[in-house]
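Have a look at the structure below before the remarks.
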Amino acid sequence: MTVKPGWEGRFFEDFEVGDVYRCRYGRTVTDADNTWFTLLTNNTNQLHFNTHYAARTPWGRPLVNSALTLAIIAGMGVADVSENGFALGWDRIDLPNPVFAGDTLYSESEVIGVRESASHPERGIVTVQTRGYNQDGTLVIRYVRSIMVWKRAAAPSVDLFPTPAE
């Protein structure tokens, strides 16, 4: 039997300014996603979970919680951007257009900065601008974040699959 390795994410050496990584799938947001996330996070703004209230707003229906939009778009970029690292910080998050239940979200991240870490020589810092779009190509979220990313030679073992006993 030949075991074929799967995608293990990018390491610091793999990033170059100007690279754009697009998530290979879209994610449709449901009413259940929005209600669950909103109530789980104790967000009491009825615009996210009360259809009677939301019907009286300019949108006429509930808006998807913006923190859920951020979580979905950020999660869609993990395999390409931060699977071998961790977030250092988020800069300005813009929400130019609303998201509604039934919208399908798509994500792309553009590398805008790559530098060695001064305090951790086994890692580097990658900065990306991430953009999220709905099914119509309308921009719904944009933000910049910095990630501390392992250099390949120093990364913790990515071969985490246990040795089969039999």
Which ³J(HN,Hα) values in Hz, rounded to whole numbers, follow from the phi angles of region 111-124 under the Karplus curve 6.51 cos²θ - 1.76 cosθ + 1.60, where θ = phi - 60° and Gly and Pro get x? 6, 10, x, 9, 8, 5, 7, 6, 9, 9, x, 8, 9, x
Of [x] 13.3; [y] 11.9; [z] 9.2, which is the value of mean projected area of the Cα convex hull in nm² derived from the coordinates here? [x]
Spin-label pair Thr35/Arg152, simplified geometry with 7 Å Cα→Cβ offset, distance in nm: 4.9 nm
For an R0 of 25 angstrom, estimate the FRET efficiency from the Cβ-Cβ distance between Asp159 and Thr2 and round to the nearest 0.05. 0.95
Cβ-defined net charge surrounding Gly124, 15 Å radius [Lys, Arg +1; Asp, Glu -1]: -1
Relative contact order (percent) for the chain, with alpha-carbon contacts under 8 angstrom and 6 or more residues of separation? 28 percent
Please list the non-local residues whose amide H lies under 5 Å from the amide H of Gly113, H modeled 1.01 Å from N, same-chain partners needing a gap of 5 or more. Thr127
Here the net charge surrounding Asp31, from other residues whose Cβ is less than 14 Å away from its Cβ (Lys, Arg +1; Asp, Glu -1), is -1
Thr44 versus Ala67, label points 7 Å from Cα toward the beta carbon: distance in nm? 1.4 nm
Once you have the Cα-Cα distance between Asp94 and Thr28, take 0.36 nm times their residue separation minus that, and quote the gain in nm to one decimal. 21.7 nm
Here the net charge surrounding Phe86, from other residues whose Cβ is less than 12 Å away from its Cβ (Lys, Arg +1; Asp, Glu -1), is +1
Please give the helix 66-76 orientation as an angle from the longest Cα principal axis of the chain, in degrees from 0 to 90, rounded to the nearest 10. 30 degrees
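Readers should treat all values here as calculations from the given coordinates under stated rules, not as data from a laboratory. Since the structure is predicted, the reported quantities are computational estimates derived from the model, not experimental observations. Don't worry about glycine lacking a Cβ; one is built from the backbone with ideal geometry, like all the others, and counts go over all protein chains shown.
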